[in-house]
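Working notes for the structure below.
The values are calculated or read from the model by the stated rules, or taken from the named source; none is laboratory data. Model, not experiment: these values are computed from the prediction. Methodologically, a virtual Cβ is constructed for each residue, glycine included, from the backbone with ideal geometry; neighbour enumeration extends over all protein chains shown.
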Amino acid sequence: MDKELLEKIETLHNNEEHYSIIELVYSIDESERDYDVISLLARALNNTQNYDEALDHLMYIREDGIDDPLWHFRVGYSYFYKNEKDTAKQYLYKTIELMDGHKNIEILESSKRLYTLCFEDDDNGINFLKRTELFWKWFEENEEYISSMLQNNHDDLINFVSSGVKIISDNISFNITKNYKFIFTVDGKNYLFYLIPKIISSMPYKLREKWTFLPYLPSSEGINFSIEVQNKKIYMQEVFIKIEFDAENDKFDLIFYNSELNNLDREEAYNIFFIMMENSIGEGLSRIYIRYVDISNTKLYNMITLTELEEYMKKILQFYRKELITEPIKQYFSYTFEPKNTDMPRYDIIAGITSYYETINDYYSENVHDIVEISKCGARALFLSYTYDDENDNDDIRREILNERYEIQNRLEKEVLGHSGNEIGIVVGRAIGIYNIYIDLIVYDEDEFIKRAKILLAEYDRNFYISKLRKYSEIKNIFDY
């Protein structure tokens, strides 16, 4: 490619003058358009939403591009935005393979993001409420057999029960004990903290006399048990913890030490420690209160044992007159932003509150993992928004706006989402921007939610919009559904 032409195209691209790139390339005689020129033309066509035209040019240079990750990325990009996601998967997966060791991190991250989004809404048309209903039906039908396998230590118990749990998701783990205790485990999949409680609340009453179902690993209440690592047992009492408490944010930062863990690879040592900690204080408390963990090369002054950690945390919270929260879904964080001058949704936010802080961070960093996993379970992470007029610097008008926001949210929770056991979703956060109000939701049946919400929101003289809780998702007027 002519160096001067390349520089001109890149300058136009950086200035987002994609139509100018298209005009420039089309002004060049076809015989003079080489592989690089056609590739950059396809990029510009993709950026102007001319996906079919981009594919025509990319397929023309297919033989030269077959080992080029950028060629695969641009083809995958075209198919993704044509909503032909099964085809897009193939090209994006190949891009990731070919990008191994490649310096273009931005393209690699974009490929991974689009590849993950290819699985969005990949729920076979079965929403989370229906999946939950089918799971409990399966469990009731097989309860007698499960009990028999449990009491007889049947080797195939876990595999059999897994076949039932997979009705909801392939990514849910669990433990079963002989006293008929069924414990779901989150295993670092934070989105499950917002889904599994719904499964538990939907448990049929006739099972409750015999079975106890828990949404995540409970505390071991200071019991000193061990975990085997490389043929060596590490006991809870042999793991030492130094603790710092952030009273402003109600968070604990930990430094741990254990001679056996210190001999492991650093990443492995962290993984083992987290497993031990979550089995000791429970997955709920771990998520709510543990902010930061580090490892020490030596035993430090004033360290306590892992078996003492939970009791210590409770005493500290009591000392500071803090309420002990045991359910992650009930813990809320406030946040503030500096509004940006852009039309991008949520960039006008001034302040907000959330019980699921990853969704806020993920929105701006374009991390889509959690919301795609939620979607694959048949649920949806969404936000509802509406514009308000606050041009007049009037306290009474501002108070009316805030009162209306609280009213809409409260009515959504009571009249649309429903009550415990019968809910079709939950509110996980809210925010106010310079121009918009936002209400963040996880809904278990999207169609039913929209049907109910439209009836309620029609009472207000506003346009309400709904979008998936991720950047660049389509935003639709809820009354257009």
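Note on the range 92-127: among residues that are in contact with a helix residue (DSSP H, G or I) (Cβ under 9 Å, 6 or more places away or on another chain) and closer than 19 Å to D36 by Cβ, the one that is modelled with the lowest pLDDT is H102. It is to be established whether one or more residues within the range 461-472 are at positive phi and among the hydroxyl-bearing types (S, T, Y). Yes: the range 461-472 contains one or more residues that are at positive phi and among the hydroxyl-bearing types (S, T, Y).
Quick grid of which residues meet (1) among the small types (G, A, S); (2) farther than 30 Å from E474 by Cα:
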| position | (1), (2) |
| --- | --- |
| Y292 | no, yes |
| T307 | no, yes |
| M313 | no, yes |
| K330 | no, no |
| S334 | yes, no |
| T342 | no, no |
| P345 | no, no |
| T359 | no, no |
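Can you name the condition, by its number, that D447 falls short on among (1) touching a Ser or Thr at 6+ places or on another chain (Cβ under 6 Å); (2) farther than 23 Å from H369 by Cβ? Just one mismatch for D447, condition (1). The set of residues in the range 110-142 that are within 23 Å of Y77 (Cα to Cα) and free of Cβ contacts under 8 Å to residues at least 24 places away in the same chain contains only K112. With respect to the stated conditions, N142 is surrounded by 14 or more Cβ atoms within 10 Å (Cβ to Cβ) and at pLDDT 95 or above. Residues that are surrounded by 15 or more Cβ atoms within 10 Å (Cβ to Cβ) and without any contact (Cβ under 8 Å) to a residue 60 or more places away in the chain within the range 348-366 comprise just one, Y357. Looking only at residues of the range 61-98 that are over 25 Å from the mean Cα position of the chain (by Cα) and part of a loop (DSSP other than H, G, I, E, B), we find that the one that is nearest to Y51 (Cα to Cα) is I61. Candidates are the residues of the range 248-273 that are modelled with pLDDT under 95 and part of a loop (DSSP other than H, G, I, E, B); the one that is farthest from F225 (Cα to Cα) is E248.
Restricting the range 274-285 to residues that are buried (at least 23 other Cβ atoms within 10 Å of the Cβ) and of a type in the set (G, A, S), which is farthest from S226 (Cα to Cα)? Only one residue tops the list, namely G284. The residue that is farthest from N367 (Cα to Cα), counting only those in the range 427-481 that are among the basic types (K, R) and part of a strand (DSSP E or B), is K476.
Of the residues making up the range 282-306, those that are hydroxyl-bearing (S, T, Y) and either on the phi > 0 side of the Ramachandran plot or assigned to a strand (DSSP E or B) (or both) are Y292, T305.
The set of residues in the range 162-196 that are surrounded by 16 or more Cβ atoms within 10 Å (Cβ to Cβ) and either in contact with a His (Cβ under 7 Å, 6 or more places away or on another chain) or farther than 21 Å from E278 by Cβ (or both) comprises G164, I167, I168, Y180. Looking only at the range 199-214, residues that are under 14 Å from I172 (Cα atoms) and either touching a residue at least 40 places away in the same chain (Cβ under 8 Å) or of a type in the set (S, T, Y) (or both) come to 1 in all. Kindly indicate whether any position in the range 369-385 is in contact with a Pro (Cβ under 9 Å, 6 or more places away or on another chain) and either outside the structural domain of I199 (by TED's automatic domain parsing) or not in a helix (DSSP H, G or I) (or both). Yes, there is a match, as at least one residue in the range 369-385 is in contact with a Pro (Cβ under 9 Å, 6 or more places away or on another chain) and either outside the structural domain of I199 (by TED's automatic domain parsing) or not in a helix (DSSP H, G or I) (or both).
Restricting attention to the range 99-109, the residues that are part of a loop (DSSP other than H, G, I, E, B) and either touching a residue at least 24 places away in the same chain (Cβ under 8 Å) or among the acidic types (D, E) (or both) add up to 4. Annotation note: of N279, N341, N263, N258, the sole residue that is assigned by TED's automatic domain parsing to the domain that holds G433 and either touching a Gly at 6+ places or on another chain (Cβ under 6 Å) or not small (G, A, S) (or both) is N341. The single condition among (1) surrounded by 17 or more Cβ atoms within 10 Å (Cβ to Cβ); (2) closer than 20 Å to I466 by Cβ; (3) out of contact with any strand residue (DSSP E or B) (no Cβ under 8 Å at 6 or more places or on another chain) that E413 does not satisfy is (3).
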